[in-house]
Amino acid sequence: MELFLKGKRAIVTGGTRGIGRAIAESLLDAGAGVAVCGRSEDSVEKAVREMSSRGPVFGQACDVADHQSVASFFKFCDDKLRGIDILVNNAGIGKFRSAGELTIEEWHAVVDTNLNGVFYCSREALSRFKTCGGGYVINISSLAGKNPFAGGAAYNASKFGLNGFSEAMMLDHRYDNVRVSYIMPGSVSTEFGSGGGADWKIHSSDIADIVLMLLRMPERTLVSRVEVRPSRPKR
Ligand SMILES: NC(=O)c1ccc[n+]([C@@H]2O[C@H](COP(=O)([O-])OP(=O)(O)OC[C@H]3O[C@@H](n4cnc5c(N)ncnc54)[C@H](OP(=O)(O)O)[C@@H]3O)[C@@H](O)[C@H]2O)c1
């Protein structure tokens, strides 16, 4: 593969498995140095070990829903990567129950991870982009960010919010050489929720290809959002 990201430094939240892992691997294959996080220390260690033959990869356990944990992860990244050019806000969870059945803990877990976590990480990245001359934030949203469904109250709210946050952040920082895009996938073949894998679903590597496509765009051009769905979903 052409090393078009050689010298670039990227952070991928939730980069230990699924979509985030595929993105981290593609960024490494394109020449970037990459730092990943996940809540489980064992999974972070395993992922870093398995990806290390691809390029410079680092990892630390971090819960993006906890702003102190995020601050500590970004300090770790400063030490290992010496700057940041790309942030992929990918870490996310789903709790699929009706609004009346959702517990307060479940609501907070989803919104704190999928929305507040993106704010915490973006805030850390934006302050660093100032000294790096700019950067790129790519948020992994969902088609659930525009299509509500029964049982999706917390997840829909978090992803609708994420789309609004992404667009406002783009408007706030476009003249600071910061680009912001968000990707809205339909069903992807990962362990997310209780979905699991299936032949008809999007593959994680397809989302990683979209991330690389965004990063290849000339700086003058910004793709704000990408909607992507299985071509032939199960009927
Ligand atoms: N799969 C789909 O069909 C689909 C469709 C549309 C959008 N998405 C979005 O794509 C993103 C990735 O989903 P996926 O399918 O790859 O899920 P996944 O296979 O469950 O992987 C999620 C990753 O995020 C990490 N993570 C979860 N909560 C975290 C937290 N609080 N702090 C830090 N890391 C955390 C997980 O590690 P730990 O568990 O160790 O923390 C793991 O590395 C999510 O934002 C999801 O909403 C998925």
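Can you tell me which residue is nearest to the chain's Cα centre (by Cα) among those in region 175-217 that are among the aromatic types (Phe, Trp, Tyr) and under 23 Å from ALA154 (Cα atoms)? Going through the qualifying residues, I end up with TYR182.
Against the numbered list (1) more than 21 Å from PRO233 (Cβ to Cβ); (2) in a helix (DSSP H, G or I); (3) of a type in the set (Ser, Thr, Tyr), SER205 comes up short only at (1). Scanning region 177-194 for residues that are out of contact with any strand residue (DSSP E or B) (no Cβ under 6 Å at 6 or more places or on another chain) and either within 16 Å of ALA91 (Cα to Cα) or surrounded by 14 or more Cβ atoms within 10 Å (Cβ to Cβ) (or both) yields ASN177, GLY186, SER187, SER189, THR190, GLU191, PHE192, GLY193.
In region 73-114, how many are basic (Lys, Arg) and within 13 Å of the ligand (Cβ to nearest atom)? Qualifying residue count, region 73-114: 1. Considering region 67-93, and only residues there that are out of contact with any Ser or Thr (no Cβ under 9 Å at 6 or more places or on another chain) and not in a helix (DSSP H, G or I), the residue that is surrounded by the fewest Cβ atoms within 10 Å (Cβ to Cβ) turns out to be ARG82. Residues that are of a type in the set (A, V, I, L, M) and surrounded by fewer than 21 Cβ atoms within 10 Å (Cβ to Cβ) within region 145-173 comprise ALA150, ALA157, ALA168, MET169, MET170, LEU171, listed in sequence order.
Across region 208-231, the qualifying residues are those that are of a type in the set (A, V, I, L, M) and assigned to a loop (DSSP other than H, G, I, E, B), and the one among them that is nearest to the ligand (Cβ to nearest atom) is VAL223.
Every number here is computed from the coordinates shown, using simple stated rules; none is lab data. Being a predicted model, the structure only gives us computed values, none of them experimental. Note that each Cβ is placed from the backbone with ideal geometry, even for glycine, and that neighbours are counted across all protein chains shown.
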